[in-house]
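Trainee: Take this structure first; my questions come after.
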Amino acid sequence: MTSIRDTDRWRISRDRVLLYVRALNLPPYKGLDLAVESLKRTGPSSAAESMESLRALLKEHGLDRGVLDSEGKHLASVPPLNRSVMVPEELDRVPWRTSFVQFLRRWKNDLFGKGCAR
Amino acid sequence: MTAFELDWSRSAGRRRLLLIFLVLAPTFIACGTMASILPSRGGSPLEIVLLAVFAVLFAWISVGFWTALMGFFLLLQRRNRYSVSNVCEGLGFSIENPHARTAVLIPIYNEDVKRVFAGLKTVYDSLAATGSLDRFDFFVLSDTTDPDVWVQEEEGWHRFCTEQDAFGRVFYRKRRSNAKRKSGNVADFCRRWGKNYRYMIVFDADSIMAGRTMVRMVQMMEARPDIGILQTPPAGVNRETLLARAQQFANRVYGPMFAAGLHFWQLGDAQYWGHNAIIRVEPFIRHCELPRLPGKGPLGGDILSHDFVESALMRRAGYGVWLAYDLDGSYEETPPTLLDELKRDRRWCQGNLQHLRLIFSRGFFPAHRALFLNGILSYGSALLWLAFLLISSAQAVAEVYLEPVYFLDTKTLFPQWPVWRPHWALALLGSTAVLLFLPKFFSYALALLRDPAARLYGGRLRLACGILLEVALSTLLAPVRMLHHSVFILSTILGKNVGWPTQSRDDRGTPWADAVDVHWWGTILGILWGALVYLTNPSFFWWISPIILSLVLSIPLSVLTSRASLGKAFRRAGFFTTPEETEPPLELRELAKTLQEEAPYSPLPLSPRQGFLRAVTDPCVHALHTSLLLRYKKGAPAREEARQALVEKALRSGPDSLSSKEKMTLLNDPFHLAELHRRVWELEDDKQAARWGLSQPSVD
């Protein structure tokens, strides 16, 4: 004979298991069957035990594999990668200075030859 | 360069020369008039500064005036040989080439998820109706940082794909890092999947486009391989606040004329506005990746106003950037309140000022340098206006206290009498008013030429009244905007950086407390400014009284214009009516219908907005979220321990004890999230379980 406290725990377990199967996207009969089965398996027990039993049942029925696509494959929200590279464009923000430096370099090369830089 | 490119570039050159002449000649005359009005004929240092500021401002408003006038005459013509839409004449709404695939990109950042997917559904259905849906794929590109919104987005995507059978056509990607913000988000797409597509149409979170418009855009790009970016002019829709309705009205009445005017002198050197545009992907990948600007501070780092730079880079690479000014079916939503508008402007202001560092970059076309300058002046002009008004006030006060100089250093026959010529001042004021307001009259004339009864605007009288009301409202708000834009510029220059705030896209009004918080100092400034001028030089006070009045009333103005009830009252009276309100297009009707749909059934007492809780508690949402997480590798023991500690903390103190960052950490970790899910459902204590949405159903 179960005590009042055990009865309360069992009710909590029942409600928890029922709530879980209601939240699952399953056909109504299927969800209720699973809930009943899990409660039968554990008897008067805590929510943790009932939920563990339910999870084991879900696994047995192959309902714990996450969200799958129409072909039963792992759902992906993006297409397969097809990589390319994007290199930042050079933005010469001081073209007048660059031009001046290039002018000096040309002038030096003209005067002393290219080798002098080394 | 093809013959057509040579043709349009020569035409553009001639048109720009004409524009420069039309802007500079009146500016020169106006400056002469202004100088003659001033007491020292522009001879004192203060007057020289005043004249310089005046010249820039007069030229600035002249550009707008002549652009509008050019648009007016362009729209009067039956045919424009440079219009991009000419290539679609005689074409149906199909895209022949199967390789001309287009990705529709919807970059989002902590947006209203219901609105995002309602918009997506609208566009998706509209494209399906054209029969060309198979040429398009959709990418919702999330940069969201709010854990609740992230989970909502995943749910929204999954529900949409399930309902529409759109798996493999509609994709969702969540980026972990928000590097380079929106431009980085789009670039990330380009790097991962850009090679799969010839074109991409970039949306904003609130963009809506008709399927026919999108097909047309692809057809135009197919027919014109020289185009790199094709921009459409989006019409403002769907807002109900007074401010937003006035802006929608202005956008709809004046917008087409200004867009045509911009097209007239820009031609293939147009600007990309960041959304509602189609882009050729391959050159975009090759040439349009943005560098980080070196240095710290607000003018360094990521380029915020990326669209300007991307269009300049595309043009530099040899591709045209065109504005399809005559293409309709493109919509966006405007900021609902003045505060939201100012928040957005703060970001744009910093972005545009960054262009100061790019304006002389090598290889950009002169037209794009001018557009950089135009962007800078969009906000810089506010500071100049403020400087102009303050200097004028200082001059007026100085007139009272300083004795005029009758005899200059150089010997003259007669003393220099200060002369006040009010009729010249009035003429100058009048010419400025003409530049500002005449384009609105042209818009009215254009609307009547198209439809003499102006039925879509509620009739001729209501259209005219709407224009007058819009002029009054924008005149009242202009000084408030001027003051804030000036502060934005100064704070940017002083090194205050702007974050990336989420944009508000609903019609909630501005509370009085928020308005006081933002506008109190402007109000006090207005009172002090007005009092000082009135007490020292009352005759000048009346010249600046509109500015003073606006500043003093800024708090009630901000609150009242944010009221949807007031906007609706104007709507009932038939003012600010737009064609999209009189005869809503199918897309907007569908959007409204979708937004009315109720949230799907859930036995758990959790709101759809409680995304994190749902990912932990709701087994379906949890399964979806963990399925969508990319490959996850367990980290170093210290990191795993820290995450385990988060799980314990969540169980012990409930979900509210977790910060947003901690929630994101758990959401990014499928193992610890699964453990949390399992242990939450095993909680024995009723109160603890209720914190996770596991309240006991009444079964007995």
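The values are calculated or read from the model by the stated rules, or taken from the named source; none is laboratory data. It should be emphasised that the depicted structure is a prediction, and the values quoted were computed from it without experimental measurement. With ideal geometry, Cβ positions are generated from the backbone for all residues, glycine too; neighbour counts draw on all protein chains shown. We work out accessible area using only protein heavy atoms, side chains counted, and drop any ligands, DNA or RNA first. Shrake-Rupley method; radii C 1.70, N 1.55, O 1.52, S 1.80 Å.
Trainee: Using R₀ = 56 Å, calculate the FRET efficiency as 1/(1 + (r/R₀)^6) where r is the Cβ-Cβ separation of residue B:51 and residue B:73; round to 0.05.
Mentor: Efficiency computed from Cβ-Cβ geometry: 0.95.
Trainee: Hey, another quick one. Starting from 0 in steps of 5 Å, tell me what percent of the Cα-Cα pairs of the range A:4-60 lands in each bin.
Mentor: Taking every Cα pair in the range A:4-60, the percentages come to 4, 24, 34, 23, 11, 4, 1.
Trainee: Determine the alpha carbon to alpha carbon distance for each of A:73/B:180; B:182/B:663; B:180/B:496; B:174/B:496 and list only those over 26 Å.
Mentor: A:73/B:180; B:174/B:496
Trainee: Working out 0.36 nm times the residue gap between residue B:196 and residue B:639, then minus their Cα-Cα distance, what length gain in nm do you get to one decimal?
Mentor: Length gained, residue B:196 through residue B:639: 155.7 nm.
Trainee: For residue B:671 and residue B:460, calculate 0.36 nm times their separation in residues minus their Cα-Cα distance, and state this gained length in nm to one decimal.
Mentor: 69.4 nm
Trainee: Could you tell me the calculated FRET efficiency between residue B:433 and residue B:390, based on Cβ-Cβ distance and R0 = 30 angstrom, to the nearest 0.05?
Mentor: Result of the calculation: an efficiency of 0.90.
Trainee: Determine which lysines satisfy two conditions relative to residue B:593: a Cα distance under 23 Å, and not lying fewer than 8 residues away in the same chain.
Mentor: B:114, B:121, B:568
Trainee: If you keep only loop residues by DSSP, which trypsin sites (Lys or Arg not before Pro) in the range B:71-111 have at most 13 other Cβ atoms within 10 Å of their Cβ?
Mentor: Loop-located and lightly packed - B:78, B:79, B:81.
Trainee: Just add up the charged neighbours of residue B:287: K/R +1, D/E -1, any other residue whose Cβ is under 10 Å from the Cβ of residue B:287.
Mentor: Value of the local net charge: -1.
Trainee: Enter the accessible area of residue B:527 (Å², nearest 10), with the probe set to 1.4 Å and all protein chains included.
Mentor: 90
Trainee: Another one. Kindly report, to the nearest 10 Å², the accessible surface of residue A:108 as traced by a 1.4 Å probe over protein heavy atoms only.
Mentor: Probe radius 1.4 Å; accessible area of residue A:108 about 80 Å².
Trainee: Provide B:2, B:577 ordered by accessible surface of protein heavy atoms (probe 1.4 Å), highest first.
Mentor: Largest accessible area first, the residues go B:2, B:577.
Trainee: Note the angle between two axes, namely the Cα long axis of helix B:422-450 and the longest principal axis of the Cα atoms of chain B, as a number of degrees from 0 to 90, rounded to the nearest 10.
Mentor: Orientation of helix B:422-450: about 50 degrees from the principal axis.
Trainee: Roughly how many nanometres apart are two label points built 7 Å out from the Cα toward the Cβ at residue B:134 and residue B:2?
Mentor: Inter-label distance under the simple model: 2.8 nm.
Trainee: Let me ask something else. Looking at the range B:238-311, which trypsin sites (Lys or Arg not before Pro) are in a loop (DSSP not H, G, I, E or B) and have at most 13 other Cβ atoms within 10 Å?
Mentor: Listed in order of number, the matching sites are B:292, B:296.
Trainee: Can I ask one more? With no solvent and one equal point scatterer per Cα, compute the Debye intensity ratio I(q)/I(0) for chain A at 0.15, 0.17 Å⁻¹ and report its log10, rounded to two decimals.
Mentor: Values returned for q = 0.15, 0.17 Å⁻¹ are -0.82, -0.90.
Trainee: Hey, another quick one. How about the range B:552-601: which GluC sites (Glu not before Pro) there are in a DSSP loop, with at most 11 other Cβ atoms within 10 Å of their Cβ?
Mentor: B:597, B:598
Trainee: May I pose another question? When a/c reaches 1.5 or more, the comparison of a/b and b/c decides; with that in mind, is the range B:15-117 rounded, prolate or oblate per its Cα gyration tensor?
Mentor: The shape class here is oblate.
Trainee: For every helix of n ≥ 4 consecutive DSSP H residues, a contribution of -39,500 (n - 2.57) applies; sum these over chain A, divide by its total residues, and give [θ] at 222 nm rounded to the nearest 500 deg cm²/dmol.
Mentor: My calculation for chain A gives -19000 deg cm²/dmol from helical runs alone.
Trainee: Let me ask something else about it. With every protein chain present, what is the per residue accessible area of the range B:611-691 (1.4 Å probe, Å²)?
Mentor: 46
Trainee: Tally Lys/Arg at +1 and Asp/Glu at -1 over every other residue whose Cβ is under 14 Å from the Cβ of residue B:688; what's the total?
Mentor: Summing Lys and Arg as +1 and Asp and Glu as -1 gives 0.
Trainee: Round to the nearest 10 and give me the degree value, 0 to 90, for the angle of helix A:47-60's Cα axis relative to the longest principal axis of chain A.
Mentor: Computed tilt is about 70 degrees.
Trainee: With a/c under 1.5 counting as rounded, go ahead and sort the range B:611-691 into rounded, prolate or oblate using the C-alpha gyration tensor (a ≥ b ≥ c being the square roots of the eigenvalues; past the cut-off, prolate if a/b is larger than b/c, else oblate).
Mentor: oblate
Trainee: Once the other residues with Cβ under 14 Å from the Cβ of residue B:87 are scored (Lys, Arg +1; Asp, Glu -1), what is the net sum?
Mentor: Combined, the nearby Lys, Arg, Asp and Glu give -1.
Trainee: Still on this structure, please answer the following. Taking the Cα centre of each part, how many Å lie between the range B:62-89 and the range A:30-66?
Mentor: Their Cα centres are 70 Å away from one another.
Trainee: For helix B:460-493, report the angle its Cα long axis makes with the longest principal axis of the Cα atoms of chain B; keep it between 0 and 90° and round to the nearest 10°.
Mentor: Once rounded, one gets 80 degrees.
Trainee: Leaving ligands and nucleic acids out of the surface, order B:677, B:99 by accessible area at 1.4 Å, largest first.
Mentor: B:99, B:677
Trainee: Okay, moving on. Which whole-number percentage describes the relative contact order of the range B:133-284, with Cα contacts under 8 Å and a sequence gap of 6 or more?
Mentor: So the answer I get is 29 percent.
Trainee: Now a separate question. Using the Cα atoms as the points, what is the convex hull volume per residue of the protein assembly as shown in Å³?
Mentor: Convex hull of Cα atoms, per residue: 239 Å³.
Trainee: Please give the calculated 222 nm ellipticity per residue for chain B, where each DSSP H segment of at least 4 residues contributes -39500 (n - 2.57) and the sum is spread over every residue; nearest 500 deg cm²/dmol?
Mentor: After summing the helix terms and dividing by the residues of chain B, the value is -20000 deg cm²/dmol.
Trainee: Can you tell me how much longer the chain between residue B:514 and residue B:528 gets when fully stretched, taken as 0.36 nm per residue apart minus their C-alpha distance, in nm with one decimal?
Mentor: 2.8 nm
Trainee: Can you compute the FRET efficiency between residue A:40 and residue A:65 using 1/(1 + (r/R0)^6), with r the Cβ-Cβ distance and R0 = 25 Å? Round to the nearest 0.05.
Mentor: 0.55
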